[in-house]
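Participant: I'd like to ask you about the structure that follows.
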Amino acid sequence: MEGLLSGNLLSKASVFGSSGSNIKSVQRGTVSMSGLTTVDVTISPIDTTKSVVRQTSANSASGANGLLSSAIILNSTTIRFTHPASVGTVYPVDWEVIEFNNVKSKQTGTVQITGGNSSVSPTISNFDPLKSLLFYSYITDSPALDNNSFPTGYITSSTTLYFKRTNTSAYYLTMYFQVIEFN
């Protein structure tokens, strides 16, 4: 990651294009997860091949559990938030959907860091890492929150992503990823 970022900065390359904005639209909102494990939210129509959804913050009466919900684009007018029942009640989750211009490709997927493992490296179709952004959300079945509940993820090559947690854990982490590549 550091090499890709440094190379991008040194060459003055921009993943957002050379002129104008590559952001076509942004939609934001808050969804209440109180007592629910899955919530679908209706949004204005988007091109799903050029859009990503991300959580921007979460609040929970029981600490960081509000962060343990996933966000995916279901279709052009619906986004879905999910959290496992094991993390307890999740309260409001702030989100945004970003629709981009000048998109070459979008890849999405789901991968799991299984119990007893600390990382996973999914392979995806070839893309240009210097013109791409990775977005991800995740859920876990861990009833206790620790540093293993909060993974990091980054692009390692033109075909590989990398997700890791601090140590091995008996619990799983399911990663929902989106990679946007710009022209």
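Participant: Taking the condition of being at pLDDT below 95, in contact with a helix residue (DSSP H, G or I) (Cβ under 7 Å, 6 or more places away or on another chain) and assigned to a loop (DSSP other than H, G, I, E, B), how many residues in segment 55-114 meet it?
Facilitator: Result for segment 55-114: 6.
Participant: Of these, Phe163, Phe182, which one is among the aromatic types (Phe, Trp, Tyr) and either closer than 18 Å to Ala71 by Cβ or surrounded by fewer than 18 Cβ atoms within 10 Å (Cβ to Cβ) (or both)?
Facilitator: After applying the criteria, what remains is Phe163.
Participant: Could you list, in sequence order, the residues of segment 135-155 that are out of contact with any Ser or Thr (no Cβ under 7 Å at 6 or more places or on another chain) and modelled with pLDDT of 85 or more?
Facilitator: Phe135, Tyr136, Pro151, Thr152, Gly153, Tyr154
Participant: Then there is this: Name, by its number, the condition in (1) of a type outside the set (Asp, Glu); (2) at pLDDT below 90; (3) more than 18 Å from the chain's Cα centre (by Cα) that does not hold for Asn126.
Facilitator: In the conditions (1) of a type outside the set (Asp, Glu); (2) at pLDDT below 90; (3) more than 18 Å from the chain's Cα centre (by Cα), Asn126 misses (2) alone.
Participant: Going by the structure shown, is Met1 at pLDDT below 50, of a type in the set (A, V, I, L, M) and either surrounded by 11 or more Cβ atoms within 10 Å (Cβ to Cβ) or over 28 Å from Asn102 (Cβ atoms) (or both)?
Facilitator: Against the criterion (at pLDDT below 50, of a type in the set (A, V, I, L, M) and either surrounded by 11 or more Cβ atoms within 10 Å (Cβ to Cβ) or over 28 Å from Asn102 (Cβ atoms) (or both)), Met1 qualifies.
Participant: Output the residues belonging to segment 147-164 that are without any contact (Cβ under 8 Å) to a residue 60 or more places away in the chain, in contact with a strand residue (DSSP E or B) (Cβ under 6 Å, 6 or more places away or on another chain) and in a loop (DSSP other than H, G, I, E, B).
Facilitator: Within segment 147-164, Pro151, Thr159 meet the criteria.
Participant: Please go through segment 29-54 and give me each residue that is modelled with pLDDT of 95 or more and either in contact with a His (Cβ under 8 Å, 6 or more places away or on another chain) or farther than 22 Å from Thr174 by Cβ (or both), ordered by number.
Facilitator: Matches in segment 29-54: Thr42, Ile43, Ser44, Pro45, Ile46, Asp47, Thr49, Lys50.
Participant: Does Gly153 meet the test of being buried (at least 17 other Cβ atoms within 10 Å of the Cβ) and under 13 Å from the mean Cα position of the chain (by Cα)?
Facilitator: Considered against the rule, which asks whether it is buried (at least 17 other Cβ atoms within 10 Å of the Cβ) and under 13 Å from the mean Cα position of the chain (by Cα), Gly153 comes out as yes.
The values are calculated or read from the model by the stated rules, or taken from the named source; none is laboratory data. What you see is a predicted model, and the numbers here were worked out from it, not measured in a lab. Cβ coordinates were reconstructed from backbone atoms using ideal geometry, including for glycine residues, and neighbour counts include every protein chain displayed.
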